[in-house]
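Engineer: Just passing along the structure, written as structure tokens.
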Amino acid sequence: MATPTEDLRDIAPTREVVLDLHRRMVRIRRFEESAGKLVESGDMPGFLHLYVGQEAVAAGVMSALRDDDQITSTHRGHGHAIAKGAEFRPMFAELYGKTTGYCKGRGGSMHIVDMSRGMLGANAIVGGGIPIAVGAAFASYYRGEDTVAVPFFGDGATNIGAFHESANMAAVWDLPMVLVCENNGYAEFTPQSKHMKLENIADRAASYGMPGVIVDGMDALAVRAVALEAVERARNGGGPTLIEAKTYRYFDHQGIKGMRIQYRDPAEVEAWQSRDAIRLIETVGVVEGLATAEDFAQIWAETEAEITDAIEFARNSPDPDPADMLADVYTV
Amino acid sequence: MSRQLTYVKAFNEGMHQIMAEDPDVFLIGEDVAGYGGVFHMFDGLLTEFGPRRVKDTPISEQAIIGLGVGAAARGLRPVCDLMFMDFIGVAMDQIFNQAAKMKYMFGGAVSMPLTITTAGGAGMSAAAQHSQSLEAWLAHVPGLKVAMPASPYDAKGLIVSAVRDDNPVIVVLNKKMLGMKGEVPEELYSVPLGVANVVTEGSDVTIVAIGRMVIEATKAAASLAEQGISVEVIDPRCVQPLDIGTITDSVRKTNRVLIVHEAVEFGGIGAEISSQIQEDAFDYLDAPVARLAAPFAPVPYAPILENAYVPDAARIEASVRRLLERR
């Protein structure tokens, strides 16, 4: 059964934590909004699954991880990469398909990887990254390391076999994993009520013999609190936890332009946006006397400068050479 | 007298020796530890290397391969067993979307030293879901290597190369060859991936045979030799990478070629080999490239049907005779 987490919400935040979470979230939001506009304007190729609205999940979980902990991500993966510490320059360069990108222009939006920061890759197959995280956790067990692996996935992915197989295997072997389900209410365009009987995905944890926790995915401090507990448990040999973060994406499944057909009630979108994660932490920070409006404004400004620099860098970076097409297929 | 081992014992010895050589190698799969694998491919490994390195898994093929992908991305050398090749469909996303593509789509940032072992092939009345030869599926996906040992010597040498390789390699053993004996050196050795074996040299016709068909082709060649027909049998050993050079060199010498595999003929690896031969050695051909393979049907159960389904030495011999009659 899902475990209430209200008590953990009482953990007093510090100024350092508030500003850290804020910076992670602002960096995600500005990256995503900028990338969306660049694709919309035709300046950048490909298509984008934007993370805007869900920032509190990536920020909260990643602030509970160490640099050497591992994550796997999804088609909506920019936020995870940024919150784990990925840099804007190689991210924008990858989206532009340039050699200076994280994947040298081979992967694009859906395959950002940064092994140096434990980001084992975004994954364009729904649920595809979950078994890989089992392997990352197994490597920790095998080597006797105390690192933890965290697969991120959506509500839709919990209906795919890879999720069930992975959750069961992680549980039966007590692997150091924290499974983070970002329940944004929709599997592409299909609402949760039409793709599963359950209201709470955390309830699925019971069938694997692991704890399931529900958390407000618009509250980065709350996400951080449940993640800290689950990560500590995993790191100390207590096995995996399933965290369900209830959240919402502001933009469409793909792209920034909006909806081809009305599949979400505008009142629903508005209700979630009224609980915006970034505005929430700014309010909490000021009300609790931990930070000032100027502190937050500075983070927005610094992020903006970083975005401008990175886009410029990406645009001016060299294109890949088609003569190198066959490199890295496999080594002979 | 050189030492003789069965195909499965040779493979098993290779596993023991490669695991002893490299502490980063581990084995997971269904019933690979306590039971030693349903074909006894992994006998004794649990006892020698312990439960950390040899693990039985739930029946979860996606998670088995996915675990291998994640562990390989972190630098370990997993051996993931899929028991029957037919089960590969359950795990296919992790094989062809994840393992095969990671190195390339991540711009070389990740190596994928993953080995997948499985057993394919018909001839045991195991029917449609336990008898297939699906190597052409795998060979079609850039990033995967596919080895199909056709002798005890190669069963050991190819598993050693596969585990040492920095790419995903699928080693397809043949169920019907498990008890076949052959010469196998005791020491650790490797057979390189992508280098064909000229099994018998000849001058009149080339047979390119895949997997167990190498045995049938060799029998046919011996019979034809008694009738004064000189056959060169080539075992590519791997269908990816494919050693087309050794094949076309042979065709330039014999001017006639038959390709034999027990996978379905349509879209099988024989089609690719045939195409490459005519592109590279068209002027040397005295007859069209011939194929002998399974008909376009699932593998049937009844022995009389299955025997008619899988090529054998007699039909290979007949095909060679027809090929030689072409002027």
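Engineer: Taking the Cα centre as origin and putting +1 on Lys and Arg beta-carbons and -1 on Asp and Glu beta-carbons, what dipole magnitude results for chain A, to the nearest 20 debye?
Structural biologist: I would put it at about 620 debye.
Engineer: Can you work out the Karplus-derived ³J(HN,Hα) for every residue in region A:62-77? Use 6.51 cos²θ - 1.76 cosθ + 1.60 with θ = phi - 60°, whole Hz, and x for glycine or proline.
Structural biologist: Listing the rounded values in order: 5, 6, 8, 9, 8, 4, 8, 6, 10, 10, 10, 10, 10, 4, 9, x Hz.
Engineer: Further, regarding this structure: Between region B:1-70 and region B:92-134, what is the separation of their alpha carbon centroids in Å?
Structural biologist: Cα centroid to Cα centroid, the span is 17 Å.
Engineer: If you don't mind, there's one more thing I want to ask. Local charge sum around B:Glu325 (other residues, Cβ-Cβ under 12 Å, Lys/Arg +1, Asp/Glu -1)?
Structural biologist: +4
Engineer: Placing unit charges on C-beta atoms (Lys and Arg positive, Asp and Glu negative, everything else neutral), compute the dipole magnitude of region B:257-324 about its Cα centre in debye, rounded to 20.
Structural biologist: That gives region B:257-324 a dipole magnitude of about 280 debye.
Engineer: Moving on to the next point. Show me the GluC sites (Glu not before Pro) within region A:179-255 that DSSP assigns to loop and that have at most 14 other Cβ atoms within 10 Å of their Cβ.
Structural biologist: Within region A:179-255, the qualifying GluC sites (Glu not before Pro) (loop, at most 14 other Cβ atoms within 10 Å) are A:Glu188, A:Glu199.
Engineer: So for B:Ile215, B:Ile116, B:Ile207, fewest C-beta neighbours within 10 Å to most, what's the order?
Structural biologist: With the sparsest Cβ surroundings first, the list reads B:Ile215, B:Ile116, B:Ile207.
Engineer: Same structure again: Could you give the size of the charge dipole of the protein assembly as shown about its Cα centre, using +1 on the Cβ of each K and R and -1 on the Cβ of each D and E, expressed in debye and rounded to the nearest 20?
Structural biologist: In debye, rounded to 20, the protein assembly as shown gives about 1000.
Engineer: Inside 10 Å of the C-beta atoms of B:53-66, what's the mean count of C-beta atoms belonging to other chains?
Structural biologist: The per-residue average across the peptide is 6.
Engineer: Let me ask another. Are there chymotrypsin sites (Phe, Trp or Tyr not before Pro) in region A:153-230 that DSSP puts in a loop and that have at most 14 other Cβ atoms within 10 Å, and which ones?
Structural biologist: Answer in residue order: A:Phe189.
Engineer: Let me know the longest stretch in chain B that avoids all GluC sites (Glu not before Pro) found in a DSSP loop with at most 14 other C-beta atoms within 10 Å.
Structural biologist: B:1-185
Engineer: Average partner chain C-beta neighbours within 10 Å, per residue of A:159-169?
Structural biologist: Average per residue, whole number: 5.
Engineer: Also, quick follow-up: Quick check: net charge around A:Asn123, other residues with Cβ under 12 Å of its Cβ, Lys/Arg +1 and Asp/Glu -1?
Structural biologist: Taking every Cβ under 12 Å from that of A:Asn123, the sum is +1.
Engineer: Taking the Cβ of each residue in B:Thr47, B:Thr200, B:Thr218 as the centre, tally the other Cβ atoms inside 10 Å and list the residues starting with the fewest.
Structural biologist: Final ranking by Cβ density, sparse to dense: B:Thr47, B:Thr200, B:Thr218.
Engineer: Sticking with this structure for a sec: Could you give each residue of region B:139-153 its phi-based ³J(HN,Hα) in whole Hz, using Karplus coefficients 6.51, -1.76, 1.60 with θ = phi - 60°, and x for Gly or Pro?
Structural biologist: With the stated coefficients, region B:139-153 comes to 5, 6, 9, x, x, 9, 10, 9, 10, 9, x, 10, 7, x, 4 Hz.
Engineer: Where does helix B:244-254 land angle-wise versus the long Cα axis of chain B, in degrees 0 to 90, nearest 10?
Structural biologist: Approximately 20 degrees, to the nearest 10.
Engineer: May I ask you to sort A:Ile261, B:Ile229, A:Ile28, A:Ile311 by Cβ crowding, counting other Cβ atoms within 10 Å and putting the fewest first?
Structural biologist: By the 10 Å Cβ count, ascending, the order reads A:Ile261, B:Ile229, A:Ile311, A:Ile28.
Engineer: Roughly how tilted is helix B:61-73, in degrees to the nearest 10 and between 0 and 90, from the longest Cα axis of chain B?
Structural biologist: Rounded to the nearest ten degrees, it is 80.
Only the coordinates and a few stated rules stand behind these numbers; no lab work does. None of the values given here were measured: they were computed from a predicted structure. Note: ideal-geometry Cβ built from the backbone for every residue, glycine included; neighbour counts use all protein chains shown.
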